[in-house]
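Contents: one structure, followed by commentary.
We did not get these values from a lab; they are worked out from the coordinates using the rules stated. Computed from a predicted model, the values in this text were never measured in an experiment. Positions of Cβ are generated from backbone atoms using ideal geometry, with glycine treated the same way; all protein chains shown enter the neighbour counts.
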Amino acid sequence: MLYSLCNNIKYTIRWHLESAAIFFYLFSSIIAPFVGIFLFLILIFSPLFLFGWGYLLWFYYDCRTPERGSRPNPNIRKWRLYRLIQSYFPITLIKTADLSPENNYLIGTHPHGVLAFGPFISLCTDAAGFDQLFPGIECTIATLRGMFWFPIRREQVLLMSNLIAVNKESIDFYLNQKSKGRALAIVVGGANEVLTAHPHTYNICLKNRKGFIKAAFRNGAHLVPMFNFGENDYYSQLPNGKGSIVHGIQQLIKKIITYSPTFVLGRGFFQPLIGYMPRRRPITCVMGKPIPVERNPNPTQEQVDELHAKYCQELTELFEKYKLRCGAKLSDHLCFY
């Protein structure tokens, strides 16, 4: 009886710690950017304004860091915060092939989902076992440059995530260091895929996304497809098909800030029925086998199209092979747009 009671207490504490970790992730992703701006303005127009101007000088001095590999810290990848987020869903990383430390890699990860929990936890942290599955490989994710323009919050991003900016300069710098064994992940679908992140759907924005193919050629980085089963399942969205009012609002805001707001519905902090916490749905990130790419600074359009087609084929085969094992149905197939 006492043993059972202790187990129940332990489970309850763990459950709430996991929820608190998710709440922190949501706060950091959605609210912290605006809190940072608010705090910065207060600092500028307060008796402590010298600190505000000092930070502004630091901001200017340090503004190139996201294009210069960020601030990697292997110890941060092992924080317990990330293990709590991993066990909340839970998030699992499956390895299908070795990644040799003698090469560099460009990982295309699909789909984006609403908040990309799977890619972030499996690639930017070691909570899902990346360091054990792929020893000798240093990995991070490239994200929107705008993420690094929010004062104060940018310091949190650089400290806690090691994210870099997703632009040509940043990608080339990261993949052109003397040391090999670097893997850079790009959530290829980006903001467009956020809008189609409905449960049990597999719409992948990839048909005209070829910039990452050119980046692989330019840097001689082997391409690796990765699919995140369950990434679309932890939130429901308001109906936002083309022509709907919701879709129109989202597209308008996207043109202004390059990112689309989502109107989502999940679970509550203390109850499972309604709220803005993501539902506890398993996310399985399957890393495919590398596609060898020879360095070619100026590939022809035909070469780009050929490698893109091969990548799409490898991603499709990866999905079909693992879909039944990872919660999808036999009738489910990828739909590229």
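Ranked highest first by average number of other Cβ atoms within 10 Å, how do 270-279, 73-82 line up?
Answer by packing, highest mean first, reads 73-82, 270-279.
What FRET efficiency comes out for LEU159 versus ASN7 if R0 is 35 angstrom and r is the Cβ-Cβ distance? Round to the nearest 0.05.
0.45
Which is the longest stretch in the chain that no exposed loop site breaks, taking sites as GluC sites (Glu not before Pro) with a DSSP loop state and at most 16 other Cβ atoms within 10 Å?
Here the longest segment lacking exposed loop sites spans 103-293.
Give, as a single signed number, the net charge of other residues whose beta carbon lies under 13 Å from the beta carbon of ARG14, with Lys and Arg counted +1 and Asp and Glu -1.
+3
List the chymotrypsin sites (Phe, Trp or Tyr not before Pro) in the range 24-60 that DSSP assigns to loop (not H, G, I, E or B) and whose Cβ has at most 10 other Cβ atoms within 10 Å. Which are they?
Passing sites in the range 24-60 are PHE45.
For the chain, what is the mean residue ellipticity at 222 nm derived from helices alone (per DSSP H run of n ≥ 4: -39500 (n - 2.57); sum divided by total residues; nearest 500 deg cm²/dmol)?
-12000 deg cm²/dmol
Just grab the label-to-label distance for TRP53 and ILE249, each label 7 Å out from Cα along the Cβ direction, in nm (one decimal).
My value for the distance between the label points is 4.2 nm.
From the square roots a ≥ b ≥ c of the eigenvalues of the alpha-carbon gyration tensor of the range 297-337, which class results: rounded (a/c under 1.5), prolate (a/b over b/c), or oblate?
Prolate, because a/c is 1.5 or more and a/b exceeds b/c.
What is the gain in length, in nm to one decimal, between GLU302 and HIS16 on full extension, counting 0.36 nm per residue of separation less the C-alpha to C-alpha distance?
Here the answer is 97.7 nm.
Roughly how many debye, to the nearest 20, is the charge dipole of the range 2-336 about its Cα centre, given +1 on each Lys and Arg Cβ, -1 on each Asp and Glu Cβ, and no other charges?
With Lys and Arg at +1 and Asp and Glu at -1, about 420 debye.
Under 12 Å between alpha carbons, and skipping anything fewer than 8 positions from LYS78 in its own chain: which aspartates and glutamates qualify?
Within reach: ASP126, ASP131.
In debye, nearest 20, what is the charge dipole magnitude of the range 31-106 about its Cα centre with +1 on Lys and Arg Cβ and -1 on Asp and Glu Cβ, if you could check?
Charge dipole, the range 31-106, about its Cα centre: 260 debye, nearest 20.
List the pair-distance distribution P(r) of the chain, using every Cα-Cα distance, as the percent of pairs falling in each 20 Å bin from 0 up to the bin containing the longest distance, rounded to whole percents.
That works out to 29, 58, 12, 0, in percent per bin.
Among ILE141, LEU265, VAL293, whose Cα sits farthest toward the positive end of the charge dipole of the chain (+1 at Cβ of Lys/Arg, -1 at Cβ of Asp/Glu, about the Cα centre)?
LEU265
Which entries in LYS168/LYS254; LYS214/LYS329; LYS210/LYS321; LYS180/LYS289; LYS10/LYS95 show an alpha-carbon gap greater than 26 Å?
Violating the 26 Å limit, Cα to Cα: LYS214/LYS329; LYS10/LYS95.
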